[in-house]
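Peer 1: After the C-alpha cells below, expect a handful of questions from me.
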Amino acid sequence: MLALLAAAALLATMLQASSSPRADALGVSPDVDAPSSYDAQTTCTKGPRPGTVALAKYLLRTYPVTRSMGMMRACSQGARSEHKDGRAFDWGADVAHAATKKAAYDFINKALATDSAGNPHALARQLGIMYIIYNDTIWASYRDFAPRPYLNEACSSRAKCSRTLRHLDHVHISLGFAGAAAQTSWYRERNVTSQPVFFPGTKELDPQDTAVTGFTVPANGALTPSPFLLRAGVTYRIVATGTIRSAADTVADANCVRTGLLGFLLADRGPLLGLPDPTVPIDPWNNDRTPSPYALPLPTTQGLTFARALRWEGGCAVNHTYEAWFTPPATQRLYFKYTDAAAADNTGTINVYVARDDITLASLKR
C-alpha cells in the first residue's frame, strides 16, 4: 500500500512538472467513451501509467477492505502482460472472504451496468477497461464484456492451477491505451493528469485514443514544435485558444486582431488556398472532416500559423477559440508560430490542443 501511494505521488509530481496547459483536465464530450479495443502489450515501462494509478487509488479508497497486489512486472518475467507496460492492476479481493468478495463484485457489477442513458458497460468504458479477470471468469471489452470461463495458459486444468493464477485472491484489471493514459472521460472529469497516446512503437499521436492533449505557444514569435509527431495521411483536429497583447491598445488571438475601440477583425492574410479536392475520398478520421483551407501570411499578419499558414476556420470568435483540420502529407512535427513583425514585445500565450472531434470547443476554452 505504501509503495503504491509513493509511486502515485512520484508519478503525479513528474507529470505536473510540465509547462503545458492542463489539457488533461478538459475535453468534455457528449458521447460516452467507445469500448476499448484489444491493445496488446508490446513495450515495457519502468512505472505505472497515470490512469492505472488513479484507478488503483480509487478502488483502494472506495473499498478499504481490499489491498494492492501490485501494478508492475519486469519485462523479462513471463509472457505478454499489461503489467509490463504499466496498464494493469492486481486488486487484492479474495473470494474466500465475504467482505472482499462483495467489494469485488460490487465494482464489477457497477462497471458493467447500463447507465441511465442506455449505454451498456458505461463505467467500464469511461474507465477505459480492456478486461477484468476474477474467480475463473474474464470480462473483455472486445467481446462485449460477456462473462467467459478463464483458465490461465500456464495451467493445464483448474485443479492444477494456483489460486493466484485462477484469480481467486485478486481481481486483475487491464486498461486499454486510452484508459491507461487517463484519456477516457472518467479521468478527465477528475482532473487526472494525462499522457498522449501514440500509435504503438512510434511517437506519432493517435487522434482517436487521445481525446485531447495540449501545449503552449508564446506570443513572442518563437517557433514552437509540437511535442509529438503527426502521422502522414491521418486527419487531426487542431484547436487554438487564448489572447495576447501586442501593443498598449492592441489585443489579438490566433485569427483576429482588435486595435483601439474597433472590434476584432480577421488578421491580414493572402488568398485562400488549399481548398479540398472533390475527387479525393473523405478521410474516415475525426467525423469525416476534410483538411481546412489555408492562407499564407503577409508581412503585416498578426496571427497563429502552423505548417507556415493560417488555417483557422470561420471568422472572429467571441471566445477566441478556433479549430482546423489538418492532414500532414508526411509524418512530421507541427511547428507553430505567432506571426507578427514586432512580436518581440508581445505578451501572453496561445494554448494549442489536438482534440478528438467529439470534444466540445467550449470545454477547450481557457
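Throughout, read-outs are computed from the coordinates displayed, never taken from laboratory work. Everything numeric in this text was worked out from a predicted model, so none of it was measured. Ideal geometry is used to build each Cβ from the backbone, glycine not excepted, and the neighbour counts take in all protein chains shown.
Peer 1: Please give the length that would be gained between Thr331 and Phe199 if that part of the chain were fully extended, namely 0.36 nm times their separation in residues minus their C-alpha to C-alpha distance (nm, one decimal).
Peer 2: 46.3 nm
Peer 1: List the extent of the Cα atoms of the chain along each of their three principal axes, largest first, rounded to whole Å.
Peer 2: Computed over the Cα atoms, the extents are 78, 47, 43 Å.
Peer 1: While we're here: Diagonalise the Cα gyration tensor of the stretch 286-366 and give the resulting equivalent ellipsoid semi-axes, square root of 5 times each eigenvalue, largest first, whole Å.
Peer 2: Working: eigenvalues 95, 57, 29 Å².
So the three semi-axes of the stretch 286-366 are 22, 17, 12 Å.
Peer 1: Which whole-number percent gives the relative contact order of the stretch 149-274, counting Cα pairs below 8 Å spaced six or more residues apart?
Peer 2: Values: 108 pairs, mean separation 13.2, N = 126.
Normalised by residue count, the contact order of the stretch 149-274 is 10 percent.
Peer 1: Sticking with this structure for a sec: Could you compute the net charge surrounding Lys84? Neighbours are other residues with a C-beta less than 14 Å from the C-beta of Lys84; K and R count +1, D and E count -1.
Peer 2: Local charge sum for Lys84: +1.
Peer 1: Any idea what the dipole of the stretch 2-185 comes to, in debye rounded to 20, about its Cα centre with Lys/Arg Cβ at +1 and Asp/Glu Cβ at -1?
Peer 2: Numbers: 20 positive and 14 negative charges, 100 e Å.
Computed about the Cα centre, the dipole is about 480 debye.
Peer 1: Take each of the peptides 144-155, 335-346, average the number of other beta-carbon atoms within 10 Å over its residues, and list them starting from the highest. Display every interim value, and only then the final one.
Peer 2: Numbers: 144-155: 12.8, 335-346: 17.8.
By packing density, highest mean first, the sequence is 335-346, 144-155.
Peer 1: Could you please state, rounded to a whole Å, how far the C-alpha centre of the stretch 102-138 is from the C-alpha centre of the stretch 320-351?
Peer 2: Cα centroid of the stretch 102-138 versus Cα centroid of the stretch 320-351: 41 Å apart.
Peer 1: So if each residue of separation counts as 0.36 nm, and I subtract the Cα-Cα distance between Ala222 and Leu265, what length gain in nm does that give? Write down the numbers at each step before the final one.
Peer 2: Details: separation 43, 0.36 × 43 = 15.48 nm, distance 2.37 nm.
Taking Ala222 through Leu265 to full extension adds about 13.1 nm, to one decimal.
Peer 1: Counting only C-alpha contacts under 8 Å and six or more residues apart, can you give the relative contact order of the stretch 178-245 as a whole percent?
Peer 2: 24 percent
Peer 1: On each of the three principal axes of the Cα atoms of the stretch 2-185, give max minus min coordinate, whole Å, ordered largest first.
Peer 2: Here the spans come out as 54, 41, 32 Å, largest first.
Peer 1: Given points 7 Å out from each Cα along the Cα-Cβ axis, report the Arg190 to Ala40 separation in nanometres with one decimal.
Peer 2: Reported label-point gap for Arg190 and Ala40 is 3.1 nm.
Peer 1: Would you mind getting me the FRET efficiency between Lys102 and Cys75? Use the beta-carbon distance for r and R0 = 30 Å, nearest 0.05. Walk me through the intermediate numbers first.
Peer 2: Numbers: r = 35 Å, r/R0 = 1.18.
The computed FRET efficiency comes out at 0.25.
Peer 1: Note down the relative contact order for the stretch 2-185 as a percent, whole number, built from C-alpha pairs under 8 angstrom at least six residues apart.
Peer 2: After rounding, I find 27 percent.
Peer 1: Quick check: net charge around Ala219, other residues with Cβ under 9 Å of its Cβ, Lys/Arg +1 and Asp/Glu -1?
Peer 2: Within the 9 Å Cβ shell, the charges total 0.
Peer 1: Connecting C-alpha atoms closer than 10 Å in a GNM of the chain, tell me which of Thr250, Thr100, Thr290 has the biggest fluctuation.
Peer 2: In the Gaussian network model the winner is Thr250.
Peer 1: Quick check on packing: order 111-117, 215-221, 163-169, 129-135 by the mean number of other C-beta atoms within 10 Å, highest mean leading.
Peer 2: Per-residue Cβ counts within 10 Å, averaged per peptide and sorted highest first, yield 129-135, 215-221, 163-169, 111-117.
Peer 1: On to the next question. If you place +1 on the Cβ of every Lys and Arg, -1 on the Cβ of every Asp and Glu, and leave all else neutral, what size is the dipole of the stretch 198-364 about its Cα centre, to the nearest 20 Debye?
Peer 2: So the magnitude is around 300 debye.
Peer 1: Do the sum for the chain: with -39,500 (n - 2.57) for every DSSP H run of n ≥ 4, divided by all residues, what is the mean residue ellipticity at 222 nm, to the nearest 500 deg cm²/dmol?
Peer 2: On the way: 6 runs with 58 residues, N = 366.
The helix contribution divided over the chain gives -4500 deg cm²/dmol.
Peer 1: Further question on the same structure: For the ranges 294-300, 306-312, what's the packing order if you count other beta-carbon atoms within 10 Å of each residue, average per peptide, and put the highest first?
Peer 2: 306-312, 294-300
Peer 1: Next question, about the same structure. Label Ala159 and Ala113 with points 7 Å out from Cα along Cα→Cβ: what is the distance between them in nm?
Peer 2: 4.0 nm
Peer 1: Let me understand the stretch 198-364 better: what is its radius of gyration from the alpha carbons, and its Dmax, in angstrom?
Peer 2: For the stretch 198-364, the Cα-based Rg and Dmax read 15.6, 52 Å.
Peer 1: Within 12 Å, Cβ to Cβ, of Ala307, how many net charges do the neighbouring residues add up to if Lys/Arg are +1 and Asp/Glu are -1?
Peer 2: Overall, the nearby charge balance is +4.
Peer 1: Which value, in nm² and rounded to one decimal, describes the direction-averaged projected area of the C-alpha convex hull of the stretch 92-236? Numbers along the way, then the final one.
Peer 2: Numbers: hull surface 50.7 nm².
The Cα convex hull of the stretch 92-236, projected and averaged over all directions, gives 12.7 nm².
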